[in-house]
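The values are calculated or read from the model by the stated rules, or taken from the named source; none is laboratory data. All of these numbers come straight from a predicted model, not from anything done at the bench. Because the Cβ atoms are built from the backbone with ideal geometry, glycine has one as well, and the counts that use them run over all protein chains shown. When the accessible area is computed, the model is the full protein with side chains, heavy atoms only, and any ligands, DNA or RNA have been set aside. Shrake-Rupley method; radii C 1.70, N 1.55, O 1.52, S 1.80 Å.
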Amino acid sequence: MIQMAPRLSRRMMLALLAAAGAAASGAYVWKVGPDALVGKIFGRRFPGVRVNAASIAALTRDIKLARFQTFGRRLALEGGARAAGIVGLDAFEQWRLTAAQFSQLERKVVTFFILGSDFLDVKDPKSDLVTYEAALEVCPNRFAEYD
């Protein structure tokens, strides 16, 4: 006796397609979110430097805490991250309406990374893994001289 595979109903097929769509959109949101934007800025300003995803996530978290505390600013960061995934970072840098804010964000990413990581302590940042811990609360300037 030959057994046939069970047929999927239309409802079951729609449910499976909806679940697949939700998973794909979740992956897309993660891929083009603020972590991806900070990762792109990092890759642009530190070409070839090896850093792990956890360090990029910690750097993004600290940048959000420092500059994007209000709902409007967080929404602008999320929207900017998605737009950067579509048009690229060069468009933000060259467009007059976003050039100043984008430059500030880039400077913040570079400053937080230099001061909160072991970038200056590793022998070769392009071969050794650089780890971002966190920005210091009191005075993030590691070059300050105290009396």
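Table for the structure above
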| quantity | calculated |
| --- | --- |
| Checking Pro47 against (1) surrounded by 10 or more Cβ atoms within 10 Å (Cβ to Cβ); (2) modelled with pLDDT of 90 or more, the condition it does not meet | (1) |
| Those helices (runs of 4 or more DSSP H) lying entirely in region 44-116 with at least 2 residues closer than 19 Å to Glu133 by Cα | 53-67, 96-116 |
| Yes/no for Leu115 being open to solvent by less than 20 Å² (accessible area, probe 1.4 Å) and not acidic (Asp, Glu) | no |
| Residue, modelled with the lowest pLDDT, within region 92-118, restricted to residues that are under 17 Å from the mean Cα position of the chain (by Cα) and among the hydrophobic types (A, V, I, L, M, F, W, C) | Phe92 |
| Residue match in region 71-84 (condition: surrounded by fewer than 18 Cβ atoms within 10 Å (Cβ to Cβ) and either more than 16 Å from the chain's Cα centre (by Cα) or in contact (Cβ under 8 Å) with a residue 60 or more places away in the chain (or both)) | yes |
